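Asks: I am attaching a structure below and will ask some questions about it afterwards.
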Amino acid sequence: MATNTLDDREEDDYSETESALETALRQLSAAATQVDVDDGIIERLKHPTRVVEVGVPLKRDDGSVEVFTGYRAQHDDVRGPYKGGLRFHPDVTAEECVGLSMWMTWKCAVMDLPFGGAKGGVVVNPKDLSTGEKERLTRRFAEEIRDTIGPKRDIPAPDMGTDAQTMAWFMDAYSMQEGETIPGVVTGKPPVIGGSEGREEAPGRSVAIIAREALQYYDIDVDEATVAVQGFGSVGANAARLLDDWGADVVAVSDVNGAAYDTTGLDTHAVPSHEEQPEAVMQYDAPNMLTNEEVLELDVDVLIPAAIGNVLTADNADDVQADIVVEGANGPTTSAADTILEERDVPVIPDILANAGGVTVSYFEWLQDINRRQWSLERVNDELESHMLSAWDDVRREVEAGDVSWRDAAYVVALGRVGEAKASRGLWP
Ligand code: GLU
């Protein structure tokens with residue numbers, strides 16, 4: 001499969017339909033100017049190691065057969081096995097998987113985890129599948145990419161459209177074919193089969209921790225802060241509820257249908273999350289309703305886009321009134337929006353730091369699987385907190401030292417670590 005690199009594109013062609021790969025390549029090129037890493041290493045990092053494409057045949061409930069396309073993109077494994085989620089989504093493309101796999105490389109490096117970056121998925125709308133169809137599709141996909149993955153090679157995890165049950169089917173299919181139970185082949189499993197306590201909540205928890213640190217950095221008390229959250233799935237709901245518990249006023253939360261808005265703060269635990277009841281935010285009895293897009297323009301202390309990519313664009317970045325943006329989703333800010341927000345002095349705390357709690361607890365899960373020893377929820381949350389604070393400090397030091405944006409600072413930390421590892425291992429042959 002051919003993937004475009006920035007060399008093939010106009011650097012300043014800021015398209016609003018920018019793909020994850022375009023954004024990731026722009027960010028890499030920007031970071032490369034700030035870090036002392038050999039050009040040859042930067043060139044290698046612009047390309048994935050491999051992209052595997054498979055056909056996944058599925059017998060539908062009505063007896064007909066349909067073939068879906070699946071991908072696994074592996075970007076880099078210089079620091080350890082490839083790691084990253086699997087999505088079931090109609091918009092999945094090879095190019096998107098490559099872009100997202102690059103972000104996983106940086107996310108693992110900024111957290112100092114011994115993993116590289118990967119991402120994969122199946123081009124399918126999971127809403128169109130029955131539970132049985134989803135199970136058969138997952139098992140067959142696991143079989144089709146079995147040679148590409150493995151507990152020491154590449155470890156998938158949940159992402160958009162997949163969850164703990166998907167990972168349980170995936171682990172079972174892999175284990176059945178390998179002839180032994182291998183829980184460490186995927187993370188994000190149910191705890192009863194080797195999943196970690198706290199994994200489900202972890203990306204939202206890390207977003208809340210980073211939002212709290214960012215508020216403190218900009219001299220705003222968390223219990224006086226106002227917060228707006230776009231997206232009320234696992235990331236958005238967990239982040240909103242934790243910040244609410246820590247005293248912040250979460251004034252708006254949204255799903256695809258619209259937003260519940262209360263200037264005095266919502267009872268976030270009473271708003272149904274996507275997992276509790278899909279797309280039911282509007283059932284909450286809020287004094288005001290907004291559209292999903294209006295949430296992005298509220299005058300709040302912290303805005304958390306936690307739904308999908310490319311929601312902050314050149315069209316609305318000038319209208320963002322939040323003092324701080326904390327990225328809950330992967331890639332919610334286009335390059336053009338990033339530039340506008342930077343010019344307007346609106347700090348954007350990047351996804352590769354803010355939502356990295358997911359892959360961090362995946363790492364804890366992998367350690368628990370290898371050691372066949374479960375950690376308590378308290379231990380998971382304590383270790384997550386200390387990993388997040390240490391990554392925050394590493395990035396903050398770069399912001400202070402280099403007068404760079406939070407995103408550039410996170411890339412400097414990540415690229416520095418990956419570049420050093422590559423330089424040390426060299427190029428073979
Ligand atoms: N899909 C999640 C992410 O984007 C988690 C990946 C993982 O745990 O490996 O960070």
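The values are calculated or read from the model by the stated rules, or taken from the named source; none is laboratory data. Since the structure is predicted, the reported quantities are computational estimates derived from the model, not experimental observations. Using ideal geometry, Cβ is built from the backbone for each residue, glycine included, and neighbour counts are taken over all protein chains shown. Keep in mind that these areas ignore ligands, DNA and RNA; they rest on the heavy atoms of the full protein, side chains included. Shrake-Rupley method; radii C 1.70, N 1.55, O 1.52, S 1.80 Å.
Asks: Give me the residue from segment 110-129 that is open to solvent by less than 10 Å² (accessible area, probe 1.4 Å) and more than 13 Å from the ligand (Cβ to nearest atom) and, out of that set, nearest to the chain's Cα centre (by Cα).
Replies: If we take residues in segment 110-129 being open to solvent by less than 10 Å² (accessible area, probe 1.4 Å) and more than 13 Å from the ligand (Cβ to nearest atom), then 122 is nearest to the chain's Cα centre (by Cα).
Asks: Can you tell me which of 239, 211 is in a helix (DSSP H, G or I), more than 16 Å from the ligand (Cβ to nearest atom) and either of a type in the set (Gly, Ala, Ser) or surrounded by 24 or more Cβ atoms within 10 Å (Cβ to Cβ) (or both)? Explain how you work it out, then say what you get.
Replies: Details: 239 fails: more than 16 Å from the ligand (Cβ to nearest atom).
Just a single option satisfies the conditions, and that option is 211.
Asks: Looking at residue 359, is it within 16 Å of the ligand (Cβ to nearest atom), touching a helix residue (DSSP H, G or I) at 6+ places or on another chain (Cβ under 7 Å) and more than 20 Å from residue 116 (Cα to Cα)?
Replies: For residue 359, the condition - within 16 Å of the ligand (Cβ to nearest atom), touching a helix residue (DSSP H, G or I) at 6+ places or on another chain (Cβ under 7 Å) and more than 20 Å from residue 116 (Cα to Cα) - is not met.
Asks: Now for a different question. Please name all residue pairs, on different chains or six or more residues apart, with Cβ atoms under 6 Å, provided the first residue is in segment 126-139 and is over 14 Å from residue 65 (Cα atoms) and the second residue is surrounded by fewer than 18 Cβ atoms within 10 Å (Cβ to Cβ).
Replies: As it stands, the answer is 130/61, since those pairs meet every condition given.
Asks: Please identify the pairs in which a residue from segment 210-238 that is on the phi > 0 side of the Ramachandran plot and in contact (Cβ under 8 Å) with a residue 40 or more places away in the chain has its Cβ atom under 7 Å from the Cβ atom of a residue that is in a loop (DSSP other than H, G, I, E, B) and not β-branched (Val, Ile, Thr), counting only partners at least 6 apart or on another chain.
Replies: Hits for this filter: 231/306; 231/307; 231/328; 231/329.
Asks: Pick from 199, 153: which is touching a residue at least 40 places away in the same chain (Cβ under 8 Å), within 15 Å of the ligand (Cβ to nearest atom), open to solvent by less than 40 Å² (accessible area, probe 1.4 Å) and charged (D, E, K, R)?
Replies: Answer to the check: 199.
Asks: Residue under question is residue 58, and the condition is that it be open to solvent by less than 10 Å² (accessible area, probe 1.4 Å), modelled with pLDDT of 95 or more and away from the ligand (no atom under 13 Å from the Cβ); does it hold?
Replies: yes
Asks: Please give the strands (runs of 3 or more DSSP E) falling wholly within segment 268-332 in which 1 or more residues are β-branched (Val, Ile, Thr) and in contact (Cβ under 8 Å) with a residue 40 or more places away in the chain.
Replies: Result: 302-305, 324-326.
Asks: Show the residue pairs meeting these rules: Cβ distance below 7 Å; 6+ apart or different chains; first residue within segment 111-123 and farther than 12 Å from residue 155 by Cα; second residue within 9 Å of the ligand (Cβ to nearest atom) and assigned to a strand (DSSP E or B).
Replies: From segment 111-123, the pairs are 121/86; 121/87.
Asks: Go over the candidates 181, 166, 138 one by one and state the one that is under 20 Å from residue 55 (Cα atoms) and more than 14 Å from the ligand (Cβ to nearest atom).
Replies: That would be 138, the only listed residue that is under 20 Å from residue 55 (Cα atoms) and more than 14 Å from the ligand (Cβ to nearest atom).
Asks: Hey, can you tell me all the residues within segment 170-196 that are at positive phi and open to solvent by 40 Å² or more (accessible area, probe 1.4 Å)?
Replies: Hit for segment 170-196 is 179, nothing else.
Asks: List the number of the failed condition for residue 160; all other conditions in (1) open to solvent by 10 Å² or more (accessible area, probe 1.4 Å); (2) assigned to a loop (DSSP other than H, G, I, E, B); (3) in contact with a Pro (Cβ under 8 Å, 6 or more places away or on another chain) hold.
Replies: Checking residue 160 against (1) open to solvent by 10 Å² or more (accessible area, probe 1.4 Å); (2) assigned to a loop (DSSP other than H, G, I, E, B); (3) in contact with a Pro (Cβ under 8 Å, 6 or more places away or on another chain), the one that fails is (3).
Asks: Something else: Evaluate the following for residue 148: is it buried (at least 23 other Cβ atoms within 10 Å of the Cβ) and within 16 Å of the ligand (Cβ to nearest atom)? Explain how you work it out, then say what you get.
Replies: Values: buried (at least 23 other Cβ atoms within 10 Å of the Cβ): no; within 16 Å of the ligand (Cβ to nearest atom): yes.
So residue 148 fails the test.
Asks: Scan segment 339-369 residue by residue and report those that are surrounded by fewer than 24 Cβ atoms within 10 Å (Cβ to Cβ) and among the charged types (D, E, K, R).
Replies: Matches in segment 339-369: 342, 343, 344, 345.
Asks: Continuing with the same structure: State whether one or more residues within segment 190-200 are out of contact with any Phe, Trp or Tyr (no Cβ under 9 Å at 6 or more places or on another chain) and under 30 Å from residue 406 (Cβ atoms).
Replies: Yes, that holds for at least one residue.
Asks: Looking at the structure I just gave you, is residue 306 surrounded by 19 or more Cβ atoms within 10 Å (Cβ to Cβ) and out of contact with any Cys (no Cβ under 8 Å at 6 or more places or on another chain)?
Replies: Yes; evaluated as a whole, the condition is true for this residue.
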